[in-house]
């Protein structure tokens, strides 16, 4: 009887010690979690950028962050590795077409998945308005396991911009890129003091306003164009005698709308009017014929600065 009681006592003491060890372990784990901060080691730059403006902005932000960086480019194909962990910062930079994120960009990034991964969504627009694009990209990444810790909207040269009808020509310029680097530095400093990524409210991003006169004038023009079904639709033209058949336009096209060896033809069903071929042609043999260039140039001359949240 005494032996049995002794054994029960020993078992009870052993169980108590195990419980105490678990409690102590849990206490120190909680204490560690209270003081530990995120260990961001890399920044992944995810981009879709036919004319290079979204790339320039993203690279400047990443440069300001000063983490080791890598590029995941969706401009010409769907990237293979689109899974990201919590120890890396992801910068997603895409252009705005007609007030929304370029549809093909979202298609190619559809497989993106995060694991409570901090992300910085950036939209780049042509100095008119980014409208729904910033919120659209914000929700796109948030629904895929990412935590938006900052959001930005930068201005890039409009796809329709020409020397005759300039629309945000040369942007992002040196000032824009300096702002992007400073913002990147601020993001890195914020993350270096954080225990976990804190989601920013997209409502804090305030879009620059256009003048009422410019807005009304542009809207009336757009409505008139939509009513005029026989009017000129935006399309790329090729000046035959200028084309040297070098094939650069085919390499620059993100959708394969131009076949190598057949540079004089553009498949209108695939063309997204990004104007990468127009801006990249070394002999200026390609141009986008569109009635929108003059009105955009006239109504939206006033320089808009980048807007960001943090």
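Numerical summary
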item	result
Residue within the range 165-173 that is in a helix (DSSP H, G or I) and out of contact with any strand residue (DSSP E or B) (no Cβ under 9 Å at 6 or more places or on another chain) present	no
Test: residue in the range 241-253 that is within 29 Å of residue 135 (Cα to Cα) and surrounded by 11 or more Cβ atoms within 10 Å (Cβ to Cβ)	yes
Restricting the range 226-260 to residues that are more than 20 Å from residue 74 (Cα to Cα) and in contact with a helix residue (DSSP H, G or I) (Cβ under 8 Å, 6 or more places away or on another chain), the residue that is modelled with the lowest pLDDT	231
Selection count where residues are loosely packed, with under 13 Cβ neighbours inside 10 Å and more than 30 Å from the chain's Cα centre (by Cα), scope the range 227-240	7
Cβ-Cβ under 8 Å pairs, at least 6 apart or on other chains, the range 274-298 side on the phi > 0 side of the Ramachandran plot, far side part of a helix (DSSP H, G or I) and surrounded by fewer than 21 Cβ atoms within 10 Å (Cβ to Cβ)	284/242
Within the range 192-225, considering residues that are in a helix (DSSP H, G or I) and in contact with a helix residue (DSSP H, G or I) (Cβ under 6 Å, 6 or more places away or on another chain), the one nearest to residue 306 (Cα to Cα)	202
Flag for residue 158 being in a loop (DSSP other than H, G, I, E, B) and surrounded by fewer than 18 Cβ atoms within 10 Å (Cβ to Cβ)	no
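The values are calculated or read from the model by the stated rules, or taken from the named source; none is laboratory data. This structure is a prediction, so every number in the text was calculated from the model and none was measured. Cβ sites come from the backbone with ideal geometry, for glycine too, and all protein chains shown count toward neighbours.
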